[in-house]
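Beneath this line is the structure, given in C-alpha cells, with notes to follow.
Every read-out reported here was derived from the displayed coordinates using simple, explicitly stated rules and does not represent laboratory data. The structure displayed is predicted, hence computed values, not measured ones. When we count neighbours, we look across all protein chains shown, and the Cβ atoms used for this are built from the backbone with ideal geometry, even at glycine.
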Amino acid sequence: MIAEMIENVHRHAAAPVDGFAVAQVYPQRLKMGITMVDAGVGVRRSFEMGEPSIPIASIQNDEDFLRAAIRLHATSKSSAHAGYGLYLLSELISRNGGTFLLASGHATLIGYRRAGKLFVESFQNREWQGTIVSIIIDLTKELPLNQIYKEMPLPEGWTNEDFLFER
C-alpha cells in the first residue's frame, strides 16, 4: 500500500523533487495515518499528458478526474500500468473501516465505508498543483487484500497462473 503511494509519485507526478511522506500512529484510537504529498503535475495533467486507459474527452473538472483515477483499470500510463493502484488503495482502506483522501487541482475526494457501502464525498478547495493521498487505517481490523483481489477481474491476457497473490 505504501509502495503504491510512493510509486504513484515517481510514475505520475513529473515533479522536479520527490514527494513528502508523513506517518502518525494514534495509539489510544488504534489508528494510523499516512500521507504522501507531491508538487507535480496533478491528476488531471497526468491524464492529459499521458496515455490514458479511459476516454477523458468528456471529463470536465478536477473532481471528475479524481473520481476516474480511483476506478478499476483507470490509469494515465496505460502502456506500462494496469490501473489498479488507487482503486486498490481506496477499496482496501474503506473495507478496513478507514478513510482515504485524494486531492489535486481544485478538488478533494474523501472515501469511507458505512454499512458495507462505499461513500465518496467531494469538496472544492483552493488549487493544489500536485497530488495529496492520505489514508487512515483502523489497526484493529485487517486489510483485506486477498478478498479484494479475489473479486477483481484479472488484467487482460492474464491467467490465474500468472497471478502473484492467492486468489
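Worth a mention:
- Region 2-153 - charge dipole about Cα centre, Lys and Arg +1 at Cβ, Asp and Glu -1, debye rounded to 20: 440 debye
- Most to least packed among 125-134, 139-148, 112-121 [average Cβ atoms within 10 Å]: 125-134, 139-148, 112-121
- Residue 75 long-range amide H proximity, modeled H, under 5 Å: 53, 54
- The count of lysine pairs in region 2-153 with alpha-carbon distances below 24 Å, taking only pairs 8 or more places apart or on different chains, stands at 5.
- Most to least packed among 65-77, 18-30 [average Cβ atoms within 10 Å]: 65-77, 18-30
- With 10 Å bins beginning at zero, the pair-distance distribution over Cα atoms of region 2-153 amounts to 11, 42, 36, 10, 1 %.
- Contact order for region 2-153, expressed relative to its length and based on alpha carbon pairs under 8 Å spaced 6+ residues apart, stands at 24 percent.
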